[in-house]
Amino acid sequence: MPQWMRSALNFLFKDTAAAWTAVFTLLLTFFTYELVKVSKETDDTARATQRALISFSGIGAGVTMSSADRKVKTHQEVLLNWTNSGTTPARNAMTNGNGDAWPSALPQGYDFPDLPTSPLQPITLGPKETNGIRALIPINDFRTTWEGKSHLYVWAWIVYDDVFPGDPPSTH
């Protein structure tokens with residue numbers, strides 16, 4: 001080995017083991033910190049792409065309710081469907097569906113309250129699943145709408161948790 005190389009190695013490494021250990025410890029600390037940041041970002045991305053994401057997916061017709069003697073139609077069941085497009089289930093999901101006829105368009109800023117005839121309903125929505133709840137609407141509301149005397153409005157909401165601990169409930 002040439003003398004200049006031996007001198008360079010002695011200068012860099014002879015009696016400097018503690019200094020080099022400190023340098024490499026600092027480098028390892030920096031890279032560990034960066035890996036923790038990447039891991040956190042990956043976890044946030046996974047939560048965002050996997051969490052339960054519930055959306056309204058349409059209205060369906062249900063059964064027609066009749067009086068006890070089956071001579072008079074009293075209510076029409078309307079199915080309000082929800083879809084979970086996420087890859088994890090919705091937990092503790094509660095929903096409510098309402099329907100009402102109005103003689104004119106709804107006033108600006110209408111609050112869409114829960115009607116006394118619409119109970120709170122639990123619902124189960126697994127990953128990529130669609131499920132519905134029912135709203136019972138008086139048949140007279142349909143008649144006046146068919147006759148052009150009213151407008152029929154149907155509305156619903158859902159509250160649920162996702163499977164990730166510490167996340168706040170979602171409302172739609």
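The values are calculated or read from the model by the stated rules, or taken from the named source; none is laboratory data. Note that the coordinates shown come from a computational prediction; the quantities given were computed from them, not determined experimentally. Heads up, the Cβs are rebuilt from the backbone with ideal geometry, glycines too, and the neighbour counts pull from every protein chain shown.
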Only listed residue being aliphatic (A, V, I, L, M) and touching a helix residue (DSSP H, G or I) at 6+ places or on another chain (Cβ under 8 Å), chosen from Leu115, Leu136, Leu125, Leu152: Leu152
Whichever residue in the stretch 66-91 is over 31 Å from the mean Cα position of the chain (by Cα) and among the hydrophobic types (A, V, I, L, M, F, W, C) and, among such residues, is surrounded by the fewest Cβ atoms within 10 Å (Cβ to Cβ): Ala68
Members of the stretch 52-93 that are part of a strand (DSSP E or B) and among the β-branched types (Val, Ile, Thr): Ile54, Ile59, Val63, Thr64, Thr74, Val78, Thr83
Test: residue in the stretch 92-101 that is under 25 Å from Arg51 (Cα atoms), in contact (Cβ under 8 Å) with a residue 40 or more places away in the chain and surrounded by fewer than 17 Cβ atoms within 10 Å (Cβ to Cβ): yes
Output for the stretch 104-148, where each listed residue is in a loop (DSSP other than H, G, I, E, B) and of a type in the set (Gly, Ala, Ser): Ser104, Ala105, Gly109, Ser118, Gly126, Gly148
Some residue of the stretch 125-132 being surrounded by fewer than 16 Cβ atoms within 10 Å (Cβ to Cβ), in contact (Cβ under 8 Å) with a residue 40 or more places away in the chain and either on the phi > 0 side of the Ramachandran plot or touching a Gly at 6+ places or on another chain (Cβ under 8 Å) (or both): yes
Top-ranked residue in the stretch 149-169 [being outside any strand (DSSP E or B) and not hydrophobic (A, V, I, L, M, F, W, C); ranked as nearest to the chain's Cα centre (by Cα)]: Asp162
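Would you check if Ala101 is at pLDDT below 90, part of a strand (DSSP E or B) and not assigned by TED's automatic domain parsing to the domain that holds Ala46?
The answer is no for Ala101.
So that you can scan it fast, the table gives a plain yes or no per residue for (1) modelled with pLDDT under 90; (2) outside the structural domain of Trp155 (by TED's automatic domain parsing):
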position: Phe11; (1), (2): yes, yes
position: Phe24; (1), (2): yes, yes
position: Leu28; (1), (2): no, yes
position: Gly60; (1), (2): no, no
position: Leu79; (1), (2): no, no
position: Asn84; (1), (2): no, no
position: Met94; (1), (2): no, no
